[in-house]
Each structure stands twice: as C-alpha cells, then as structure tokens.
C-alpha cells in the first residue's frame, strides 16, 4: 500500500519543498503501482469433488497416477480388502494399518494439527458421537457417498456418515449347555445367579459398550418398564438418576469379568464340553466363530426391552488426503461396488453383520426389519458421554 505525504508548510526549507512536490505533484515517474492479482488456486475440497458423480474408468486412471491409498482401519479384515483391491485395480497399492479406534482418532488428530497429510481413508465406528461432532463437523474428516451406491441405502446410512454395514452388542450363551437361552431380559444379567458369570470388555475402554449403555440411559422409561415386567414391581433407584444408570450400576456390581477382546469372550463361552459356561456381552459379528471355529455360541434374540442399538461401520475421507481419487475407489470397493458384488465387501458380509444396502441380504442373520432397536443418536451420545464415563469410574 502507498502512503501519500501531505504538505504542511509550503514555504520552508528546500528539502521539505522537494518532499511536498513529490507528494502533491504528478509526474511520469510517480505512477501508482498496479496490484497484480494472483490466480486463486482451488482448495483441496474443491478439487476432491466429493459430491460429484464419478466415472469409474476416470477415477481409476487418476488413482493410478496417485499410486496408492492409505487407510487406518479398525478391522484386521482390511488385509483381505487389500488383496482383492490390488487384484482388481493393479497399479494402486493399499497401505493398510490395523489399529484400535482410539489410536486412529488420536493419530488423525495429531497429524492434522501438525499439517501432516498421510492417511486418505479411515474405517471406524462412532458410538460416542465424538468423531462426528469433533472431527467431521470441524472438517478434519469428510463424508463421501458414491451416488450409485447411495441410491440403494436409507438416508440414515448415508448422512451424516457413510456406513456400509452395522453390528451391535448382544448377549451370547453356550447353546450346547443351554438348548434355549435362559436369559430374555437385560435385567437378567443383574440376578444373583449370574454373579461372576458375565464377561464384557471394560466399558471405559470400549465405545460400543458405552453406546449400548447410553441407549439404555436415553430410554430409561423402557428400562424401567422392562424391570417391572421382569420382577413384578416398580424399580427403586439406589442413588442413580434413572433406570438406565441403575441397570449399569447393578450389572457392574454383579462381579463382571473384564477382558481385552470380544474374541476372548466368545471362546470362553463357546468352548465345547463345559457344564457351567459364562455368558457375555459380545459384538454380534463374533457369531461367525460358530461357523469358522466351531464354538458352541448363540446370541439371545428378542431380549427385553430391545435387542440393542446399532453400531455402524463408517468410511470417511481424511481432510487433505493426498490420494483422494484412490480413496474414493477404495471406499467404493469396500462398499461392494455399484452392483453389490464387489469382493471388497465380502470380508464384512458375515453372520451377525447387517449390510445397509437394500440389494445385499445378511448371511445367517435375522433380517433388519425383524430387529427391535433403540435409535442411534450421535448428538445425545456426545452430550452425555463424559457423564457416563464419570459414572463408570465411580463403579470401578
């Protein structure tokens, strides 16, 4: 910016007169500078064109120029995806990292704050509302819905985050010992006869268990009604806010057995030759170990007051992803491609897992329409997660 010098005294020292003439008079040498506009470079988000309908051939050609795609995955099954993707799309390598979800969120946030653009895609669940409210809303992560695939999905599986399937936490039992489940209510887990016989991943470190508990808290009236149906009397709260919190308190005071993984629980429940096996709260897709490993396990169906709450598996693109076209291609592959037959979805099409597409049926699993689920409420979960965690700490 130029600063104009105004004359203050016009008859004074010669030096001042020179400055005055320069400031007031116009000469050929004192033409105003011309401001040169630098063409504005399109932002990454504009170039990414995440709302554009993509042509697969063009997308593949652009992905080959990028050479690879980096994904942080909550599931070890990403290794199967890597193999089939690279066979389908030679020239594009999948760099896959199998990580715990907490590690994924921490790594993405740390890299984002440091300006490091490494990951392209993350494969996660959001049971506490934190990834959506703190990472998607802030622009750290972006939703991408392939239009030809999204047309076969209900709105809740496309917005605010793209979900290809969902699982849920269920009560598992040994069906070699119990021909039918002795449990038909969540409240059964608080009975004295199940003291020290219920296995669960520590809820403080397991978002999906927190999501289940938050659904019970949000729907405490249903929990109270189920209590009365089970025990024939109104529930009496023991220093808790509602029947949801009361269930959690009584459950945790029933000598829960904490483990590091749901796989451990499924194995402990389903081992053959037991006479007094434990029960467990397990992710629904572990029922596949019945077929894969021969475990004698079954999931309780029609448990009161509801079967549970869905835990959707989500694919999101990381902000400033350096291989965005390859990222789109990988997401399409993991979603089953346009016809639903792509091999990238097959590792997740297992018993106990519900595809969100209308053109893919679940395998050895009750249909979605038969499920009696609580609503999946990201906003409620986000607003109440810290309160729940504080409550859980008091019960440790």
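For the stretch 145-158, the count of residues that are closer than 20 Å to residue 69 by Cα and either touching a helix residue (DSSP H, G or I) at 6+ places or on another chain (Cβ under 7 Å) or assigned to a helix (DSSP H, G or I) (or both) is nonzero. Of all the criteria given as (1) buried (at least 20 other Cβ atoms within 10 Å of the Cβ); (2) within 26 Å of residue 120 (Cα to Cα), the one not satisfied by residue 346 is (1). Taken across the stretch 91-98, residues that are buried (at least 17 other Cβ atoms within 10 Å of the Cβ), in contact (Cβ under 8 Å) with a residue 60 or more places away in the chain and in a helix (DSSP H, G or I) do not occur at all.
For the stretch 41-64, a tally of residues being in contact (Cβ under 8 Å) with a residue 60 or more places away in the chain and not in a loop (DSSP other than H, G, I, E, B) returns 9.
Tell me the helices (runs of 4 or more DSSP H) entirely within the stretch 167-262 that contain at least 3 residues that are within 14 Å of residue 303 (Cβ to Cβ) and over 30 Å from the mean Cα position of the chain (by Cα).
Values: elements: 207-218, 220-231, 243-252.
Fully inside the stretch 167-262 and qualifying: 220-231.
Is it the case, given these coordinates, that residue 104 is assigned by TED's automatic domain parsing to the domain that holds residue 344, crowded, with 17+ Cβ neighbours inside 10 Å, closer than 14 Å to residue 324 by Cβ and at pLDDT 95 or above? Taking the combined requirement at face value, the residue does not satisfy it. Per the conditions (1) under 28 Å from residue 257 (Cβ atoms); (2) outside the structural domain of residue 159 (by TED's automatic domain parsing); (3) surrounded by 19 or more Cβ atoms within 10 Å (Cβ to Cβ), the sole criterion not satisfied by residue 378 is (1). Test residue 247 against the stated conditions and say whether it is in contact (Cβ under 8 Å) with a residue 40 or more places away in the chain and either assigned by TED's automatic domain parsing to the domain that holds residue 129 or buried (at least 21 other Cβ atoms within 10 Å of the Cβ) (or both). Taking the combined requirement at face value, the residue satisfies it. Among the residues of the stretch 311-331, are any modelled with pLDDT of 95 or more and within 19 Å of residue 186 (Cα to Cα)? Yes, there is a match, as at least one residue in the stretch 311-331 is modelled with pLDDT of 95 or more and within 19 Å of residue 186 (Cα to Cα). Summed over the stretch 289-303, residues that are surrounded by fewer than 19 Cβ atoms within 10 Å (Cβ to Cβ) and closer than 30 Å to residue 378 by Cβ total 2. With respect to residue 367, is the statement that it is surrounded by 15 or more Cβ atoms within 10 Å (Cβ to Cβ) and either over 22 Å from residue 216 (Cα atoms) or at pLDDT below 95 (or both) true? Spelling it out, it is not the case that residue 367 is surrounded by 15 or more Cβ atoms within 10 Å (Cβ to Cβ) and either over 22 Å from residue 216 (Cα atoms) or at pLDDT below 95 (or both).
The values are calculated or read from the model by the stated rules, or taken from the named source; none is laboratory data. All values reported here derive from a predicted model rather than from experimental measurement. Please note: Cβ atoms are built from the backbone with ideal geometry, for glycine as well, and neighbour counts cover all protein chains shown.
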